[in-house]
Structures are given as C-alpha cells and as structure tokens.
C-alpha cells in the first residue's frame, strides 16, 4: 500500500486531525503485517501533532521494531525526518508505564535540594 | 502588544469596557501600532496594517493555514533574515508548536494573541504569543492530582512544573502521545543561539545558549506568555547540505 500524503492531506502536515486521517488509513494494513509506504513528495511543512497522531499512536498497537520494518517513508525532507524520529522516540516513552506518584516525589525531592 | 490586546479582549469577554486613549501614546510608538494593525483592530481611525511590519494577530481558534501563512510569510519570511524556502518552512513549523500548545493545553476561552517585531539595532526577530488560559503549572498540577494526593501536588512550584513540562516525552494529554513540540522548539532555539522565555502562572523559564533555567516569580497570573527571539544572522541558519552564506 502506498499513500501520497500531498494528495491525501496537502503540503502542510501540521495538525493532529490530519495525522488521524493517515493513522486511520494505515493501522489496519500494518496490523495485518502489510508493508505501507508514505510518500511525502510535495509536503513542505511539518509539526509534531501531525506525526503524533499519524505515527506516534501506532506504537500502542504495533511494536517499534515491527513498525520500523513495515512502515516505509519516502521523500521526507530533513525537517520532517527529525520530527518523526523525535515523535517515535517520545511515543515509545509515552506508551511505557509511568509511575506519576514517584515522579511527583522525585520533583519535590529535587525542589527541596534546589531551595537549600 | 499581544498581552495588551489579549487583556482588552479578556475585559470584553468578562463584560467590562475598555478604551485606549491613543492621544497619550508617543508618536513613534503610535506609528508602530498603526503599521502593525494593532491600533486599527482596537478602533483607531488612522490605521490599517501596512506592508513593512509584522501584523498583530488574534486567533479565536486554531486556524492552521492562517497561522502558518503568518509565520511563513509575515514573520520569518519577511526578509529580516535570508534563509532558503526550505529552512523558512522548517522554522515556521517549529513556531507552530507554540500555538498548538496554547490552544491544546491552556483551555483559553478568548483565543490566542500574537505579534512580532524586528529590532534593527541588534538584528533580532521576536515572536510573542499570549493565551489567557489556565497556565502550564496549573495544568501540570491538575494532571498529577489524578495520581497522587493534593498535599504533595500543592507543594510543586511553578518552576518545577515548567521544568517537568519542558522535558522530552512528558505530556499532560491523556490517551494520546505528545511531548515532542516543546522539545523540538528548545533544540531549535539553542542551536540557533536564540532565546525562548515562558511566563506562566508564577513560573518563568528561559532557554538560551547557556542552557535552561526555571524560576518562581512573586506574582502569579492565569495566562501564559511566550517570547521567542531569533538572531537574524544568516550564518546561523542552514541545513547540513546548505553552505553557510
């Protein structure tokens, strides 16, 4: 399966609603183990909300190694690559379990040290 | 200016009345307010936006194309710094993260206010974005209350909340990944020797070439003010495959 992002979304991949459209189109084939190619030719502007929804949220259903094997990205410029890599990195952290109670304790401990 | 415009709209929203007494404003400042459309927006009879300034802007909702056009053509693309079209697009995309955060997290009911300014004396370009939502520390505390008790959460300072919010991969959004926007913005500012300042509730954050600092201020207010300052030195801006000019 190959999707032209410019045809589907336009030259700006910015908002989460557009990312969701891409996610909805690729989740099923990826879940079946099909290869999917996203072609970014003609796309010039990028921001993280688009990639959080298009790709970041795939990590709750698909393992990162499988995603990297099945999802192919073409003609994405340097800016887009940086954003997508950062989103995958952070989404992997996000989908891991977090102990927020401990995080608050740690912040307070740090705060106490800094106020001495 | 963004703060002043937002305050005026907040007064309106709360059924108050405001008026600017234009006659009390210094002539050079008034010329600026006329040029960027601020005075015209608030009823001054003399103005309308004219070509060489960065317009004052009000957004009631997240208008992607309107905001991206503003950033791309009226802010970074205005010719203050000569960058390639590709880099101009990349910088505008980074700045979008500020607007996205303002709308996504603040819960602002009156919108987001912004303006820009080019300062020839030190060759810097400023973007200011203001929302009148709950503030980042308040949002962080609300998020943590789901997981731990109020006593602990209430001890978190504004500075600590901002510091947590600015870390990569942290987000207060439930059920959706995030935490990349501010991280990317911080990285961009550091690499390009710019400055990112955030005032939110009682917290203050500054990110510049010297690193990140978080402080608590005595005064707390409900809004968030973001200032980004870029140095207009073309040698600072290029992709790896573009030769510096």
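The values are calculated or read from the model by the stated rules, or taken from the named source; none is laboratory data. Treat the numbers as computed from the prediction; the structure is a model and nothing was measured. Using ideal geometry, Cβ is built from the backbone for each residue, glycine included, and neighbour counts are taken over all protein chains shown.
Table: residues versus (1) facing chain A (nearest Cβ under 10 Å); (2) over 15 Å from the mean Cα position of the chain (by Cα); (3) more than 19 Å from residue A:107 (Cβ to Cβ); (4) crowded, with 20+ Cβ neighbours inside 10 Å.
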site	(1), (2), (3), (4)
B:130	no, no, yes, yes
B:149	yes, yes, no, no
B:163	yes, yes, no, yes
B:182	yes, no, no, yes
B:188	yes, no, yes, yes
B:204	no, no, no, no
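Restricting attention to the range A:11-60, the residues that are within 28 Å of residue B:168 (Cα to Cα) and within 13 Å of chain B (Cβ to nearest Cβ) add up to 30. The condition (being away from chain B (no Cβ under 14 Å), free of Cβ contacts under 8 Å to residues at least 24 places away in the same chain and touching a helix residue (DSSP H, G or I) at 6+ places or on another chain (Cβ under 7 Å)) is satisfied by just one residue among A:8, A:63: A:8.
For the range A:93-116, the candidate set comprises residues that are more than 8 Å from every other protein chain (Cβ to nearest Cβ) and not in a loop (DSSP other than H, G, I, E, B); within that set, the residue that is modelled with the lowest pLDDT is A:115.
Do we find that residue B:20 is in contact (Cβ under 8 Å) with a residue 60 or more places away in the chain and closer than 30 Å to residue B:107 by Cα in this structure? For residue B:20, the condition - in contact (Cβ under 8 Å) with a residue 60 or more places away in the chain and closer than 30 Å to residue B:107 by Cα - is not met. The number of residues in the range B:209-222 that are more than 12 Å from residue B:158 (Cα to Cα) and in contact with a helix residue (DSSP H, G or I) (Cβ under 7 Å, 6 or more places away or on another chain) comes to 1.
Of note, residue A:65 does not satisfy the criterion of being more than 13 Å from the chain's Cα centre (by Cα) and either buried (at least 21 other Cβ atoms within 10 Å of the Cβ) or under 30 Å from residue B:151 (Cα atoms) (or both).
Matching residues to (1) touching a strand residue (DSSP E or B) at 6+ places or on another chain (Cβ under 7 Å); (2) within 28 Å of residue A:23 (Cα to Cα):
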| position | (1), (2) |
| --- | --- |
| B:93 | yes, yes |
| B:96 | no, yes |
| B:103 | yes, yes |
| B:117 | yes, no |
| B:127 | yes, no |
| B:131 | yes, no |
| B:150 | no, no |
| B:184 | no, yes |
| B:187 | no, yes |
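The single condition from (1) within 8 Å of another protein chain (Cβ to nearest Cβ); (2) surrounded by 18 or more Cβ atoms within 10 Å (Cβ to Cβ); (3) over 20 Å from residue A:14 (Cβ atoms) that residue A:70 fails is (1).
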